[in-house]
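Undergrad: Dropping a structure here in structure tokens format, bear with me for questions.
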Amino acid sequence: MKTKLSPRFWCAVTLFSLIGQVAWVVENMYFNVFIYKMFNASASDIALMVAASAIAATVTTVFMGALSDRVGQRKLFICSGYILWGISIFSFVLIRTDIISGIFPTVTAVSSLCVTLVIIMDCVMTFFGSTANDAAFNAWLTDSTDKTNRGAVEGINAMMPLVAILVVFGGFMFFDLEKASSWILIFTIIGIVVTVIGVLGIFLVKDTKVEKPEQSYLGCIFYGFKLGTVKNNSLLYITLAAFVIFNTSIQIFMPYLIIYYEKSLGLTDYVFIMAPAIIIAAVVTAIWGRVYDKKGFAFSSGIALLSLCLGYVILFFTKTTLPVFIGSLFMMCGYLSGMAVFGAMIRDNTPENKAGMFQGLRIFAQVLIPGIIGPGVGSAVLKNAETVLNNDGTTSFLPNENIFLASLIAIVLLIPLLFIIKKRNSSNES
């Protein structure tokens with residue numbers, strides 16, 4: 001029998017997942033645009049920022065996830081984390097060349113200093129965001145669900161990045177991103193919204209009962225890295241290894257995607273082009289979580305990855321609006337459906353009452369390793385990319401279609417692991 005979940009739970013999942021993903025979309029897809037447009041950042045700067053944020057997210061999730069297990073509460077970390085997350089987002093309104101040059105009048109390379117400050121503050125913001133979302137919220141989702149409904153819940157959770165992209169794209173279309181004033185308003189609005197959601201959580205989130213682990217806090221931190229834990233949960237760790245490759249494929253192209261659409265393809269109206277694709281992909285992702293519940297991992301992951309690869313192929317070979325839309329649709333359906341399937345599989349194989357301890361491992365697989373390797377591969381692929389001359393005499397790189405070819409190759413490397421997971425999963429079920 002499928003375990004029913006309350007309307008209050010679904011409301012909390014929807015709000016916290018959506019607003020959290022809005023904040024992550026701005027960081028993952030538009031911080032790159034922010035430093036590219038405002039401070040002429042290079043591909044190496046973007047890769048460094050993504051990698052630094054990935055490290056901050058992983059370290060935070062490991063330590064704060066274990067702490068939430070020791071404290072035995074998720075709500076405290078979720079609500080306070082969202083409030084501080086919003087405040088840290090708002091702080092980016094102060095990173096402007098006019099303000100920084102006034103504070104450091106002797107510095108000549110003001111733009112370079114601004115890029116450095118953005119990277120540092122991005123890590124600070126990531127600490128609060130990962131505490132709230134990656135560590136506490138995701139552990140709470142695992143605690144609040146079971147094997148009869150995790151696919152459905154993960155389908156909603158996994159579709160939110162696409163819904164968030166739609167919200168952000170729709171909101172950003174009203175701003176001229178070449179102007180610093182637009183970024184001030186953007187960071188102000190998002191900072192306030194995230195903070196308000198944190199306050200609402202005090203009344204909305206129902207804390208689950210978490211049995212405090214016998215291990216010390218230090219023991220909780222390192223529990224997931226012990227050889228005995230790996231041996232006792234081999235299917236979980238193989239799934240995490242596959243998740244690493246999947247997310248590395250995504251991170252090869254994702255940091256450069258908006259720049260590619262706008263600058264390389266000249267799709268200045270990419271918001272209108274992408275909006276229908278995002279809506280369709282969001283619906284598909286919500287449904288696909290239920291497919292996982294009924295059909296299992298092998299079927300649901302295979303179809304999701306096939307869609308992702310088809311999207312890569314189309315985007316590699318096409319440059320005009322309609323084919324780019326079709327390629328983007330397949331790519332996004334595969335990406336988010338894959339996230340739902342892998343997310344549900346990881347939750348299903350997470351040891352009971354230890355969800356907080358294992359969130360750090362999930363972030364290793366989802367953020368840290370892919371966040372370092374993926375953008376690095378993307379930067380290497382774009383090393384000799386075409387450049388364009390800016391109005392101020394500086395030059396900026398133009399991403400090209402080779403990022404999709406590199407992403408496709410990464411997915412091909414994933415296939416052997418999928419067969420191993422299928423075999424192990426079948427053995428466990430029998």
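Undergrad: Restricting attention to region 144-159, does a residue exist that is within 18 Å of the chain's Cα centre (by Cα), crowded, with 21+ Cβ neighbours inside 10 Å and at pLDDT 90 or above?
TA: Checked against the condition, which is being within 18 Å of the chain's Cα centre (by Cα), crowded, with 21+ Cβ neighbours inside 10 Å and at pLDDT 90 or above, region 144-159 yields no hits at all.
Undergrad: Test each condition in (1) of a type outside the set (A, V, I, L, M, F, W, C); (2) surrounded by fewer than 23 Cβ atoms within 10 Å (Cβ to Cβ); (3) out of contact with any Asp or Glu (no Cβ under 7 Å at 6 or more places or on another chain); (4) under 30 Å from residue 403 (Cβ atoms) for residue 14 and report the one that comes out false.
TA: Among (1) of a type outside the set (A, V, I, L, M, F, W, C); (2) surrounded by fewer than 23 Cβ atoms within 10 Å (Cβ to Cβ); (3) out of contact with any Asp or Glu (no Cβ under 7 Å at 6 or more places or on another chain); (4) under 30 Å from residue 403 (Cβ atoms), residue 14 violates only (4).
Undergrad: Being farther than 18 Å from residue 414 by Cα and among the aliphatic types (A, V, I, L, M) is the filter; apply it to region 373-388 and report the residue that is modelled with the lowest pLDDT.
TA: Here the answer is 388.
Undergrad: Also, I was wondering about something else. Return only the number of the condition from (1) modelled with pLDDT of 85 or more; (2) closer than 16 Å to residue 258 by Cα that residue 292 does not satisfy.
TA: (2)
Undergrad: Would it be correct to say that residue 325 is more than 19 Å from residue 422 (Cα to Cα), out of contact with any helix residue (DSSP H, G or I) (no Cβ under 7 Å at 6 or more places or on another chain) and not hydroxyl-bearing (Ser, Thr, Tyr)?
TA: It is false that residue 325 is more than 19 Å from residue 422 (Cα to Cα), out of contact with any helix residue (DSSP H, G or I) (no Cβ under 7 Å at 6 or more places or on another chain) and not hydroxyl-bearing (Ser, Thr, Tyr).
Undergrad: Residues to consider are 177, 141, 166; find the one that is among the aliphatic types (A, V, I, L, M), outside any helix (DSSP H, G or I) and over 14 Å from the mean Cα position of the chain (by Cα).
TA: The conditions single out 177.
Undergrad: Given the structure, is residue 126 crowded, with 23+ Cβ neighbours inside 10 Å and more than 30 Å from residue 4 (Cα to Cα)?
TA: Taking the combined requirement at face value, the residue satisfies it.
Undergrad: Condition first: at pLDDT 85 or above and not in a helix (DSSP H, G or I). Now tell me which residues in region 258-280 satisfy that.
TA: 265, 266, 267
Undergrad: Could you count how many residues in region 169-208 are under 21 Å from residue 142 (Cβ atoms) and either surrounded by 15 or more Cβ atoms within 10 Å (Cβ to Cβ) or without any contact (Cβ under 8 Å) to a residue 40 or more places away in the chain (or both)?
TA: 6
Undergrad: Restricting attention to region 272-307, which residues are over 22 Å from residue 407 (Cα atoms), out of contact with any Gly (no Cβ under 7 Å at 6 or more places or on another chain) and of a type outside the set (A, V, I, L, M, F, W, C)?
TA: 276, 294, 295, 296
Undergrad: Do we have any residue at all in region 308-323 that's at pLDDT below 95, buried (at least 19 other Cβ atoms within 10 Å of the Cβ) and either closer than 30 Å to residue 395 by Cβ or not polar (S, T, N, Q) (or both)?
TA: Scanning region 308-323, I find no residue that is at pLDDT below 95, buried (at least 19 other Cβ atoms within 10 Å of the Cβ) and either closer than 30 Å to residue 395 by Cβ or not polar (S, T, N, Q) (or both), so the answer is no.
Undergrad: Can you give me the ranges of the helices (runs of 4 or more DSSP H) entirely in region 37-122 with at least 3 residues that are among the hydroxyl-bearing types (Ser, Thr, Tyr) and under 16 Å from residue 359 (Cβ atoms)?
TA: Qualifying helices (runs of 4 or more DSSP H): 43-71.
The values are calculated or read from the model by the stated rules, or taken from the named source; none is laboratory data. Everything numeric here is computed off the predicted structure, so don't read it as measured data. In this analysis, Cβ positions are derived from the backbone assuming ideal geometry, glycine residues included, and neighbour counts consider all displayed protein chains.
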